Amino acid sequence: MKVEPKQLKLFLLDSGLVTANDIATAEEKAKKAGKDIGEIFVSDGKITENELQHLQAYILGIPFVDLKNKKIEFKILSMIPEPIARNHNIIAYKKEGDNLEVAMLNPQDLETIDFIKKKSNLRILPRLTDKKSLKNALNQYQKSLQAEFGDIIQKEAESIKVISEKDKSGDLKDLKKLAEDIPVVRIVDTLLRHAILQRASDIHIEPMENEVLARYRIDGILHDAMTLPKNAAAGIIARIKVLSSLKLDEKRLPQDGRFKIETDEEKISFRVSILPVYNGEKAVLRILHEGAKGLTLEWLGFQGKQVEDLHYAAKRPTGMILVTGPTGSGKTTTLYTILDILNTPEVNISTIEDPIEYQIPRINQTQVRPDIGFTFATGLRSLVRQDPDIIMVGEIRDNETASLAINASLTGHLVLSTLHTNSAAGTVPRMIEMKVEPFLLVSTINIIIAQRLVRVLRDNKEKYFLSKAEFEKLAKVVDMDRMLELLRKEKVVGAKDGWSKVPFYRAKPSKEYPEGYKGRVGIHEILKMSDAIKSLIMSNATSGEIEKQAKKEGMMTMFEDGIMKTVQGITSIEEVLRVTRE
């Protein structure tokens with residue numbers, strides 16, 4: 001019941017998806033690579049994997065099923081154990097009477113079909129599916145276990161009640177024993193796995209008077225995850241300290257560390273911060289997916305002219321690129337993406353960071369250590385003696401770091417860094433406040449990026465048009481005539497469309513996504529150093545005056561970029577207002 005290459009070629013030709021020349025080229029490649037001709041067509045982009053799967057299903061006379069957006073009942077899904085489902089690429093998704101429909105990548109795997117038949121005592125009906133459908137279905141094994149996590153943790157927490165009573169003295173031996181206790185290990189492991197499944201960016205473990213609260217930050221919003229008994233606190237913190245190689249018996253001072261875990265699909269790094277609070281010690285774990293490679297400016301949310309401006313600034317051999325925004329606004333990710341573009345064999349790139357969030361091949365990354373006097377300033381002094389072409393300074397916090405970064409950019413280096421300001425134009429007064437001379441700013445800054453992160457709407461979003469009241473409310477915070485021109489310029493709306501024809505979108509909650517959002521994307525404003533703006537800086541202009549001139553020259557503000565993404569159906573007005581106006 002296998003699709004013969006001859007059959008596949010005939011059907012591909014008949015469908016008009018490929019030409020005879022395409023087939024000849026693919027056959028040659030398949031022979032050299034030892035692959036199937038269908039795989040070659042997919043890798044060359046001649047057909048999609050979905051088209052290939054549909055065609056194979058048609059030839060074999062087996063129905064094709066798409067499970068990408070299908071929620072499968074757990075009692076049906078669990079009829080095939082997860083290890084078997086993963087190893088043999090088979091999913092049980094529908095049961096009617098004595099018939100069990102299973103989706104497979106290889107319906108000819110008769111051995112697996114026979115095994116499932118004997119185990120379930122049902123008639124097995126094989127169906128063909130694709131890899132994305134299979135991945136979605138396999139993820140549901142883990143999602144279905146989430147409901148059980150709370151019960152698991154409560155049971156394990158009860159087991160450590162007696163042990164944790166010994167911890168009152170803070171004896172190091174008792175703390176080590178507590179950190180290695182099986183119930184404690186299981187609780188921490190469950191918290192970490194649950195956070196990864198929930199797509200959390202941070203885990204907060206907060207001791208209260210009578211309990212311990214675990215919270216996850218998902219898409220920028222903190223959510224209560226679970227409440228644990230008070231007696232679990234000491235063991236959880238001790239376990240996290242052991243994993244992060246921190247001092248177990250130090251409870252009076254803050255500590256920072258990190259550790260890694262590996263799942264079947266990726267490596268995940270946890271950046272740990274322990275802080276003494278009134279009721280004990282609070283732990284915050286930042287989750288960093290090390291497999292997150294190949295990010296692009298477009299994926300981060302930059303559009304059209306913004307991408308052109310960034311590429312132009314990044315290709316300059318000297319000067320400064322500054323990214324600003326509050327903590328957690330994606331500044332470091334933007335810098336890493338620019339560094340990834342610049343990371344070629346012809347250049348030497350060095351960074352000084354606190355902390356090193358992602359490890360990048362071919363880039364020399366250095367961690368600051370303020371506790372031993374190794375600060376951004378001292379690190380930067382050493383970096384310039386390492387013959388770098390490009391330098392990234394994690395953050396400009398003071399006059400010394402600012403002066404050294406500017407001097408590095410004046411002496412033949414491209415410098416990338418971040419600051420904490422509310423807007424791109426607000427960066428200039430902030431640097432002047434750090435005692436940086438205006439003439440040095442206009443000589444060195446190539447571009448300033450300000451950004452925030454907004455949540456992305458799910459596919460089931462709701463389309464609507466602004467009412468008169470909504471239009472008037474929005475007009476109070478943005479120039480609607482200018483906004484319409486920007487939309488026309490970027491060809492988001494038609495040249496003659498008025499606001500009555502411009503669609504907006506809002507979140508539509510679902511059972512799986514109660515708030516109607518999944519993931520985040522950036523909204524940005526990019527300030528280029530034009531002659532007019534340089535003149536304003538030299539005359540000590542305010543941030544408002546600088547922004548006004550930048551808008552005249554075509555700069556789109558963060559709020560305007562957010563409205564653009566709202567019209568495109570990426571996010572909602574409520575979300576843009578939340579991150580820019582609150």
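Structure above, values below:
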{"quantity": "Surface share of carbon and sulfur [accessible, 1.4 angstrom probe, percent] for the chain", "calculated": "50"}
{"quantity": "Spatially near lysine pairs across region 527-582, Cα under 18 Å, sequence gap of 8 or more or different chains", "calculated": "6"}
{"quantity": "Cα→Cβ-extended label distance, 7 Å offset, between PHE465 and ILE372, nm", "calculated": "6.7"}
{"quantity": "Reachable aspartates and glutamates from LYS95, criterion Cα separation under 13 angstrom, eight or more residues apart if same chain", "calculated": "GLU73"}
{"quantity": "Region 456-487 and region 386-402: distance between their alpha carbon centers, rounded to Å", "calculated": "40"}
{"quantity": "Compactness of the chain - radius of gyration and Dmax, Cα, Å", "calculated": "28.2, 84"}
{"quantity": "Rounded to 5, percent antiparallel among DSSP beta bridges of the chain", "calculated": "65"}
{"quantity": "Using a Förster distance of 45 Å, the FRET efficiency for LYS131-SER382 (Cβ separation, nearest 0.05)", "calculated": "0.40"}
{"quantity": "Alpha-carbon centroid distance for the pair region 242-301 / region 33-49, whole angstrom", "calculated": "40"}
{"quantity": "Reachable aspartates and glutamates, given that their alpha-carbon falls under 20 Å from the alpha-carbon of LYS46 and they are not under 8 places away in the same chain", "calculated": "GLU4, ASP14, ASP22, GLU27, GLU28, ASP36, ASP130"}
{"quantity": "Region 340-425, relative contact order in percent, only Cα pairs under 8 angstrom and at least six apart counted", "calculated": "27"}
{"quantity": "Built amide H within the under 5 Å cut-off of ILE445, gap 5+", "calculated": "MET320"}
{"quantity": "For region 445-501: accessible area per residue (Å², 1.4 Å)", "calculated": "60"}
{"quantity": "Chain lengthening between ALA24 and ASP98 when straightened (0.36 nm per residue, less Cα-Cα)", "calculated": "22.0 nm"}
{"quantity": "Ranking by accessible area, most exposed first, for ILE338, ILE221 with a 1.4 Å probe", "calculated": "ILE221, ILE338"}
{"quantity": "Contact order normalised by residue count of region 483-572, Cα under 8 Å, 6+ apart, percent", "calculated": "37"}
{"quantity": "Accessible-area order (highest first, 1.4 angstrom probe) of the listed residues LEU134, LEU110", "calculated": "LEU110, LEU134"}
{"quantity": "Sequence-separation-based contact order of the chain, relative, with Cα cut under 8 Å and 6+ spacing, percent", "calculated": "9"}
{"quantity": "Length gained when the stretch GLN198-GLU262 is fully extended (0.36 nm per residue, less Cα-Cα span)", "calculated": "21.4 nm"}
{"quantity": "Cleavage-rule hits, trypsin sites (Lys or Arg not before Pro), region 498-553, DSSP coil, Cβ neighbours within 10 Å at most 11", "calculated": "LYS511"}
{"quantity": "GLU82 versus ASP479: modelled label distance in nm, points set 7 Å from Cα along the beta carbon direction", "calculated": "5.5"}
{"quantity": "Expected 222 nm ellipticity per residue - DSSP helices of 4 or more, -39500 (n - 2.57), all of the chain, to 500", "calculated": "-12500 deg cm²/dmol"}
{"quantity": "Whole-angstrom gap from region 557-582 to region 109-142, using each part's C-alpha centre", "calculated": "43"}
{"quantity": "Convex hull volume of region 187-274 per residue (C-alpha atoms, cubic angstrom)", "calculated": "100"}
{"quantity": "Among beta bridges that DSSP assigns inside region 1-144, antiparallel share in %, nearest 5", "calculated": "45"}
{"quantity": "Spherically averaged projected area in nm², based on the convex hull that wraps the Cα atoms of region 18-122", "calculated": "8.1"}
{"quantity": "Sites ASP389 and PHE115 - FRET efficiency at Förster radius 51 Å, r taken between beta-carbons, to 0.05", "calculated": "0.30"}
{"quantity": "Point-to-point label distance, ARG581-GLU39, nm (Cα→Cβ direction, 7 Å offset)", "calculated": "5.4"}
{"quantity": "Net charge over other residues, Cβ less than 12 angstrom from the Cβ of GLN365 (K, R count +1; D, E count -1)", "calculated": "-2"}
{"quantity": "Nearest-10 value in Å² for the accessible area of ASP387, using the 1.4 Å probe", "calculated": "120"}
{"quantity": "Rounded to whole Hz, the Karplus (6.51, -1.76, 1.60) HN-Hα couplings of region 358-369, x for glycine and proline", "calculated": "10, 8, 10, x, 6, 10, 8, 10, 10, 9, 6, 9"}
{"quantity": "Computed FRET value (nearest 0.05) for THR411 with ILE360, which takes r as the C-beta separation and R₀ as 22 Å", "calculated": "0.35"}
{"quantity": "Area of LYS461 that stays accessible when all protein chains are in place (1.4 Å probe, Å², to 10)", "calculated": "70"}
{"quantity": "Distant-in-sequence amide H partners of MET392 (H built 1.01 Å from N, under 5 Å)", "calculated": "SER350, THR351, ILE352, LEU416"}
{"quantity": "Distant-in-sequence amide H partners of ARG452 (H built 1.01 Å from N, under 5 Å)", "calculated": "ILE523"}
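The values are calculated or read from the model by the stated rules, or taken from the named source; none is laboratory data. This one's a predicted model, so the numbers in the text were calculated from it and none came from an experiment. All Cβ positions, even for glycine, are placed from backbone atoms using ideal geometry, and neighbour counts span all protein chains on display. Surface areas here come from the heavy atoms of the whole protein model, side chains and all, with no ligands, DNA or RNA. Shrake-Rupley method; radii C 1.70, N 1.55, O 1.52, S 1.80 Å.
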